[in-house]
Amino acid sequence: MSAQKFDVSDLALAEAGRKRIDWALSEMPVVHALIERFTRHKPLRDTRISACLHVTTETANLARVLIAGGADLVLCASNPLSTQDDVAAALVHHGISVFARRGETHDDYYRHLNAALDHRPQITLDDGADLVSELHKHRHHLLDGVLGGTEETTTGVLRLRAMARAGALRYPIIAVNDAMTKHLFDNRYGTGQSTLDGLIRATNFLMAGKTVTVAGYGWCGRGIAMRARGLGARVIVTEVDPVRALEALMDGFHVMPMAVAAPESHFIVTATGDKNVVDDPHFDVIKDGAVIANAGHFDVEINLPALRQRAVERTQPRPSVEEYRLKDGRHVRLLAEGRLVNLAAAEGHPSAVMDMSFANQALSVAHIRARHADLAKAVHDVPPEIDSEVARLKLQAMDVVIDTLTAEQGTYLSSWQEGT
Ligand code: ADE
């Protein structure tokens, strides 16, 4: 074990953090079962792990699994504004090296990433691929000691696949995001609920009767659109992919370009993974008083430099809200500095979905430890047996029993002779 180093905001918050971490665990039965399993089998004995994740109560419970499995863990934040300072303090109290402060500067963010890399990880956990990117760009002498890593989010997987395509990826990565028991639940129901939670906590505005535009109809956009509709909003979807646009239309949403949606929208939420989705020309037509927020990984989806350039006045009417007055008197309200609104203005996804995401993480990390010699330096799917085990354990914890195929049905499904 290396000596404990850390950089967190306030160690006095540890007790409050501990209580919230336990509260979250009560909604994470699969992770709970894995803590017990990892305690018994120690699949990560003496493994140095560096994790770059949102420092939340749910992540703290993933940390418990990894430690129970025998890992020597260091944690840093995967976003400057998502750290829950009480959780960071509680983890330090628990003996884990944590480098994360809510509201940290860009320089501190990278200093913290490098502190996590000083641990000389054998396995990395990443959310957005900043850790892997920093390791490959500036700390490549450490690469030989890395057995493998995992990636939590869509944006990170896209970046890592680009690295693999360019021949730059120097160790195997398991794309946890792409597991069914991750993206179908976390990206859809998790982002759906936590994004609406962020919009409401930040503004306390009524959603019923409002027009909400959701940019992007991937799994996250679907969840946001579905939940906004559930609260009584009229929902517009903007898309660039014709198939997804058609799906949004047939799911009952209005579909149109952002330039047409912006003048009608009380809320605009981006969830595309791309940059300048709300762009400079949209500010010419945006509705007075519109609330704009981002639910994508990076703060690039809203053209913030353009907005700031246009503003004649900037005020902060509430926490997590900046109001920009434009030359013609219209106001635009930006939430959470354009960073992940669900984590910066609320508490991130509910524990019950992170339960499945982080069960995939823990089992994938154990898989890397056991099988790294068989894994090519590429981006890999979560092994399907892990995905179905997570679903099975979750159903079991929810007291839901399902049917099983009879022998006759099994044979029928794998045969071709029987037809009309
Ligand atoms: N990403 C989204 N929600 C999260 C949460 N609650 N914990 C960790 N990562 C997250």
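Throughout, read-outs are computed from the coordinates displayed, never taken from laboratory work. The shown structure was predicted, so the numbers you read here are calculated from the model rather than taken from an experiment. Heads up, the Cβs are rebuilt from the backbone with ideal geometry, glycines too, and the neighbour counts pull from every protein chain shown.
A Cβ-based charge dipole, computed about the Cα centre of the chain with Lys and Arg at +1 and Asp and Glu at -1, lands at about 540 debye. Radius of gyration over Kirkwood radius for segment 191-344, both on Cα atoms: the Rg/Rh ratio is 0.93. Here Val400 and Asp10 are evaluated by their C-beta separation; at R0 = 56 Å the FRET efficiency comes out at 0.85. Each residue, Trp416 and Ala33, gets one label point 7 Å from its Cα in the Cβ direction; the gap between the two is 3.8 nm. What separates the Cα centres of segment 274-341 and segment 35-71 is a distance of 38 Å.
Comparing Asp299, Asp288, Asp127 in a Gaussian network model of the chain, where Cα atoms under 10 Å apart are tied by springs, the biggest mean-square fluctuation is seen for Asp288. Once the Cβ-Cβ distance of Asp118 and Asp274 is raised to the sixth power relative to R0 = 56 Å, the FRET efficiency obtained is 0.95.
Tell me the net charge near Leu66. Cut-off is 12 Å between Cβ atoms, Leu66 excluded, with +1 for each Lys or Arg and -1 for each Asp or Glu. Charge balance near Leu66 sits at +4.
The slack between Ala306 and Asp284, meaning 0.36 nm per residue of separation minus the straight C-alpha distance, is 6.8 nm.
When the alpha-carbon atoms of the chain are used, the pair Rg, Dmax equals 22.2, 74 angstrom. From a point 7 Å beyond the Cα of Met256 in the direction of its Cβ, which residues of segment 215-242 have a backbone N at a distance under 15 Å? Only 215, 234-239 pass the distance filter. Toward the positive end of the charge dipole of the chain, with +1 on the Cβ of Lys and Arg and -1 on the Cβ of Asp and Glu, the farthest Cα among Gly128, Ala24, Gly192 is that of Gly128.
Run the dipole for segment 191-344 about the Cα centre, Lys and Arg Cβ at +1, Asp and Glu Cβ at -1, nothing else charged, and hand back the magnitude in debye, nearest 20. The calculated dipole for segment 191-344 is roughly 440 debye. Going by neighbour counts of Cβ atoms within 10 Å, the residues Lys327, Lys5, Lys210, Lys182 line up, fewest first, as Lys327, Lys5, Lys210, Lys182. Residue separation of Lys19 and Asp107 scaled by 0.36 nm, minus their Cα-Cα distance, works out to 28.6 nm of gained length. If both residues of a DSSP beta bridge must be in the chain, then about 20% of such bridges are antiparallel. Hey, in the GNM for the chain with a 10 angstrom Cα cutoff, which one of Ala71, Ala376, Ala407 fluctuates hardest? Of Ala71, Ala376, Ala407, the Gaussian network model singles out Ala407 as fluctuating most. Amide H to amide H, with H built 1.01 Å from N, His380 comes under 5 Å of Ile173, Ile174, Ala175, counting only residues 5 or more places away or on other chains. Structural descriptor for the chain: relative contact order 16 percent, calculated from alpha carbon pairs under 8 angstrom and at least 6 residues apart. The GNM of the chain, with springs linking C-alpha atoms under 10 angstrom apart, assigns the highest mean-square fluctuation among Gln396, Gln193, Gln84 to Gln396.
Rounded to the nearest 500, the helix-only mean residue ellipticity at 222 nm of the chain stands at -12500 deg cm²/dmol, with each DSSP H run of n ≥ 4 adding -39,500 (n - 2.57). Extension gain, Ala166-Asp144: 0.36 nm per intervening residue step, less the Cα-Cα distance, totals 6.0 nm.
Selection among Ala293, Pro319, Val269 by position relative to the dipole of the chain gives Pro319 as farthest towards the positive end (Cβ unit charges, Cα centre).
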